[in-house]
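So the structure is just underneath, and the comments pick up after that.
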Amino acid sequence: MSGLDEKVKEEVKNIFKDLKDPIKLIVFTRDDTITVPGRECPTCKDNETLMKEVSELSDKISIEVYDIAKDDDKVKDYGIDRVPVTLVQSNKDFGVRMYGIPAGHEFATLLNAINIVSKSSSELSEQTIERLRTISKPVHIQVFVTLSCPYCAPAASMAHNMAVENDNIKADMINAQEFPELAQRYNVFSVPKIVINETVQFEGSLPESTFLEKVLESVTPPKKCSCLIYQAF
């Protein structure tokens, strides 16, 4: 993977001028000198390189790199089961994760995640924030993307914004092309594909209010039928 060009670097530096709290990019990778059939990670090195480049664009960003096959304690602490993955944290873990290299259109998702996590504040409306704060059950949002999809970054960023507003919400951006087994499991035929709590699924980059309703639906108990049952004799 080629590095960021100088124009992009200058633009990103300008964006990072408004960062508030220090950011840690926690990167889990796999040693590419060790080849285990079925566990190859062709993008691990590129992802690590990208994160190192990004971390060098602000003195408020640091990077930690761990190997999924060697750093057992960290793998267990963060519940990591596949790589590459990058966690964006400040002084707390908001549950903002990116599985796969956030290049192409998803580079915007990475920058947005760094921005909102640093400020501990989302870009959502007050009405949405108030309703999100009523959620008291765990919510896991998975947003499947591809790097060439212009509609995927807004969907992934929407999920990350929601995670920042409620500790019960965890949000993953997942590159469907890097994790085909997950894409197959969730029948990802077009992107963005969003899966919430394994029960609610939809496609497309929905408006904020509609996305919110899908999240609330995932934690709303199904209505019990009050129908009368008649037995024929």
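The values are calculated or read from the model by the stated rules, or taken from the named source; none is laboratory data. All figures in this text were calculated on a predicted structure; none of them were measured in a lab. Using ideal geometry, Cβ is built from the backbone for each residue, glycine included, and neighbour counts are taken over all protein chains shown.
Odds and ends about this structure:
- Residue satisfying condition, being crowded, with 19+ Cβ neighbours inside 10 Å, of a type in the set (S, T, Y) and more than 21 Å from A171 (Cα to Cα), within set S122, S118, S55, S62: S55
- Counting the residues of the stretch 35-51 that are within 15 Å of R82 (Cα to Cα) and at pLDDT 70 or above gives 8.
- Scanning the stretch 109-136 for residues that are charged (D, E, K, R) and under 19 Å from P22 (Cβ atoms) yields a single hit, K119.
- Here the stretch 195-233 is the region considered, the condition is being in contact with a Leu (Cβ under 8 Å, 6 or more places away or on another chain) and either within 16 Å of V139 (Cα to Cα) or modelled with pLDDT under 95 (or both), and the residue that is surrounded by the fewest Cβ atoms within 10 Å (Cβ to Cβ) is K214.
- Residue match in the stretch 84-91 (condition: loosely packed, with under 15 Cβ neighbours inside 10 Å and either in a loop (DSSP other than H, G, I, E, B) or not polar (S, T, N, Q) (or both)): yes
- Restricted to the stretch 77-94, and to residues there that are within 22 Å of E181 (Cα to Cα) and not β-branched (V, I, T), the residue that is nearest to the chain's Cα centre (by Cα) is L87.
- Among all residues of the stretch 171-184, there is none that is surrounded by fewer than 19 Cβ atoms within 10 Å (Cβ to Cβ), among the acidic types (D, E) and part of a loop (DSSP other than H, G, I, E, B).
- None of V117, V75 is assigned to a helix (DSSP H, G or I), in contact with a strand residue (DSSP E or B) (Cβ under 6 Å, 6 or more places away or on another chain), in contact (Cβ under 8 Å) with a residue 40 or more places away in the chain and of a type outside the set (D, E, K, R) except V117.
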